[in-house]
1. Among the candidates A:Ala226, A:Ala320, A:Ala239, single out the residue that is buried (at least 22 other Cβ atoms within 10 Å of the Cβ), at pLDDT 95 or above and under 27 Å from A:Glu84 (Cα atoms).
2. In this structure, does B:Arg402 turn out to be touching a helix residue (DSSP H, G or I) at 6+ places or on another chain (Cβ under 6 Å) and charged (D, E, K, R)?
3. Considering every residue within the range B:138-149, establish whether at least one is hydrophobic (A, V, I, L, M, F, W, C) and assigned to a strand (DSSP E or B).
4. What are the residue pairs meeting all of these: first residue in the range A:263-280, first residue within 25 Å of A:Phe321 (Cβ to Cβ), second residue of a type in the set (Phe, Trp, Tyr), Cβ atoms under 9 Å, and 6 or more apart or on different chains?
5. So if I check each of B:Ser17, B:Ser106, B:Ser114, B:Ser80, which one is farther than 27 Å from B:Thr210 by Cβ and open to solvent by less than 10 Å² (accessible area, probe 1.4 Å)?
6. Among the residues of the range B:232-242, are any under 30 Å from A:Gln181 (Cβ atoms) and not polar (S, T, N, Q)?
7. Check whether at least one residue in the range B:277-292 is in contact with a Ser or Thr (Cβ under 9 Å, 6 or more places away or on another chain) and open to solvent by less than 40 Å² (accessible area, probe 1.4 Å), and report yes or no.
8. Using the structure shown, decide if A:Asp337 is open to solvent by 50 Å² or more (accessible area, probe 1.4 Å) and in a helix (DSSP H, G or I).
Amino acid sequence: MTLTLSAWSALSPYGLGREAFTAGVRSGRSGVTVLDREAYPGPFDRAGLVPGFTVAGQLGRKGTRSMDRLSGLAVTLVRQLLDETGADAVTDSDEVGLVLGTGSGSVQSIMDFTAASFTGKKPYHVDPALFPNAVMNRPAGQCAIWHRIRGPNATVAGGAATGLLALSYAARLLRGGHCRQALVGAVEEYSVQRAWLEWHARSAGVDPAPLAEGGALLLMEAPDEAHRADRAPVATVLATRFMAFDEPDQARQVLANCVTAALRSAGVAPEAVEVVAPLGAEGELGRQEERATADALGGSTPRVVRCRPLLGDASAASAAFQIAVLLATARPDGRHDTGIGLVTTVDPHGVVGCALLRMAPGPTSTASGSRDG
Amino acid sequence: MSRDSRRVVITGLGVVSPIGIGVTRFLTGIRTGRSGVKKITSFDTSGFQHANGCEIDDFVAADWIRRADPDDLGRASQFSAAAARMAVADAGMPAEELRRRRVLVSVGTTDGESRDLDTLTARQLDAGAEKLDGRTVRRSAAGRLSSGVIRELGLTDVEAVTIPTACAAGNYAIGTGFDALRAGEVEAALCGGADAVCRKTFSGFYRIGTIAPVACQPFDRDRKGILTGEGAGMLLMETLESAVGRGAPIYAEVLGYALNCDALHPVAPDLDSLARCIALAHRHAGIKPADVDFISAHGTGTRANDVTETGAISKVFTQPPPTISIKSMIGHTMGAASALAAAACALAIREGFIPPTINHNVTDPQCGIDCVPNEARSADVNIVQNNALAFAGNNAVLILGRYRNGTPA
């Protein structure tokens, strides 16, 4: 069963929603800004924050007292997508699933909770209202409660590949008949704790890119479902594929194999790929990623769209942003030659992945995903 | 082969549990009603008035993990990698053959590398955030629980996904493997769950008053709550055609599963929503309630869970079948719980028995079920329902059946 993406949105360093993201990446202006060092001490002095975002500011005070930033971003991202699509289309339903990618939940909430156990007068002097925040499926659960999404509610994790793994997981849910629509994407928050963990996790000598927060979300469904709801598809998912390598110097060959396998399964010729959105990590793996794509696509020279230099390193939300940047930079007149876009990723722990999309003809950046707006 | 005719079977089990490592010991444990309870030693429990749990004290990573460097894996990833290796060996599939196949690895978890995150938190409080250890940080990401498996087994054509959907995650992981095989997307699936006992989760549950002082007594009138446990359960699944083709013994057939979300409360379960999920799972698996020979319940041993869960069961079943909880023996192993329970169900089907609910004195009249108290029961088991509930209102119900030649059970 072919699956289509019939709406998308983003929360990004460019602000709330699809329009802000699209305008931002098209302008080529960086979304990375100087951090308020009082609010955000830690190893970085710059980051790609969602500008002005606070949970209470976006969602109000009611029901958000114990909601952490990660859940707040997730709930806002879902709201954004629903608002831009026509909310009543997919809420309050047993038939809609939510698949949300995460790195490791909110490491700030998790480690703060544990710290309270270490520093409190008693080891159980922890705040029970904050306990759910210390569990990784909290953001997905909060989205479900907030937006009354009662279908399958899943959280997936897989480093830089997370967004593509979420897409693949959601495709299985839809094909397996577990829901009719799936909201699928990934979110990260900026926190001092995440910043420290990312900083220590990076290999010595690699220039630490600033971190980004936010995420992107897609509405995925079968074409006839989209048609029935009068939603014009923005893209078709042709393939997702993943492979693994042991040593970093194998990444090039393995990713090239992975892309080749995806092209073959989709019946797409290498030269038909028009645009590539790589992870584009700094250092050796980034170079291997670039060479792998060149190897797999033969002599052709597709357009390359990069969001990492604009947003920063979005960690587990990276691949979701890469898909969003493909959709945001699809040619506005819709006159694609093939409309085929490739997203690639290389995770330092030995995982590569890719997705092949065919962007729908017609305007995707200025009009709403819904035909009647 | 068409989607409808492609059947999915379990041919290998890998188990790391508080009542035994390896299928044989685990089987003996669930058959004889062994208890895995002991004093928690993995973190300093001073200040807690009681601190029993179900830790694994005989796991030596180097005994099981051959290809990966155990120090590159946190405790939960060591469990999942070890259990995955066991499952492949148990299925009689040479590693080289698995490497030739396209594989899905999915590992459910509640806490990821919680033990490492505990350690990092302590270090940070002690010495400052700038002094954290890079290796510990790198291995602490949730994605490692599944990517550690591919590293250990040297897989190449593989999709590795960690599913941190808390305490229902094991069933989620098995479910997505089932979908992938049925759709012909992969040629083998290694699916399950893993978690390690940690301070964070213990202190959280302790604070909300759900940690039992001594023992876990699901469905008992005098139950006192959960005991946190640890371990991993991994299932090797393949299509029936593949299993028959290589002459592999079959534990059980995966008939279907369902997921839904209460979307109501961050931690409290909902009776109606769980009942809907059970009914959905029956429909997906093509069975009727009366077909179910026993239910492996989520059965945590808290009032909130047990009364809600048995209430949901009563709503779907005119006459509820025996409903047991292996958490009475192994504690609540969090993301591993429903995976270990699925392994127990597969063994129950093959060996013809219903595992007991131990530590049982008097059944809570509000539960009103036959929990197979204290001693396993011989039975002809054809169809089993494996329930899992999680924080955030996530329900996952898996249906396994005895494999029969010919038409699906």
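The values are calculated or read from the model by the stated rules, or taken from the named source; none is laboratory data. This one's a predicted model, so the numbers in the text were calculated from it and none came from an experiment. Note: ideal-geometry Cβ built from the backbone for every residue, glycine included; neighbour counts use all protein chains shown. Surface accessibility is based on the protein's heavy atoms, side chains included, excluding ligands, DNA and RNA. Shrake-Rupley method; radii C 1.70, N 1.55, O 1.52, S 1.80 Å.
1. Being buried (at least 22 other Cβ atoms within 10 Å of the Cβ), at pLDDT 95 or above and under 27 Å from A:Glu84 (Cα atoms) holds for just one of A:Ala226, A:Ala320, A:Ala239, which is A:Ala320.
2. Yes.
3. Within the range B:138-149, none of the residues are hydrophobic (A, V, I, L, M, F, W, C) and assigned to a strand (DSSP E or B).
4. A:Ala277/A:Phe321
5. B:Ser106
6. yes
7. No, every residue in the range B:277-292 fails to be in contact with a Ser or Thr (Cβ under 9 Å, 6 or more places away or on another chain) and open to solvent by less than 40 Å² (accessible area, probe 1.4 Å).
8. It is false that A:Asp337 is open to solvent by 50 Å² or more (accessible area, probe 1.4 Å) and in a helix (DSSP H, G or I).
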